[in-house]
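I have placed the structure first, in the form of structure tokens, so that the comments after it can refer back to it.
All of the numbers you see were taken from the coordinates with simple rules; none came from a lab. Here the structure is a predicted model, which means the values were calculated and not measured. Neighbour counts are summed over all protein chains in view; Cβ atoms, including those assigned to glycine, are modelled from backbone coordinates with ideal geometry.
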Amino acid sequence: MERYERAAPPEIQQNEGSLTSTLRTLLFFTALMIILPIGLYFSSKAYVFEGTFGMSNRDSYFYAAIVAVVTVHVVLALFVYVAWNEGSRQWREGKQD
């Protein structure tokens, strides 16, 4: 017996591509959200505030935490911007069909 495989309809293929793109974006920003604030906290504490500015250990903790919090806000803002543009692009493509 021969077995015929059907190709998925274009709508399903487009949805799978959209899902893959969305997941890739989410994983990228999740990695940024973990790596950037922690990395900038420790590097700014050691190299910038204690090394360059010669601050005390206690003061450098405070300012390094501010750097980490600002980094979290920047990553969140970038994620919202990218997600908004990706969603509006998908909406425009779906509306034109």
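The 3J(HN,Hα) values that the Karplus relation (6.51, -1.76, 1.60; θ = phi - 60°) gives for the range 59-75 are, in residue order, 5, 5, 4, 4, 6, 5, 5, 4, 4, 5, 5, 5, 4, 4, 5, 5, 5 Hz. Gly and Pro appear as x. Take 17-30, 67-80, 36-49 and order them by the average number of nearby Cβ atoms within 10 Å per residue, most first; the result is 36-49, 67-80, 17-30.
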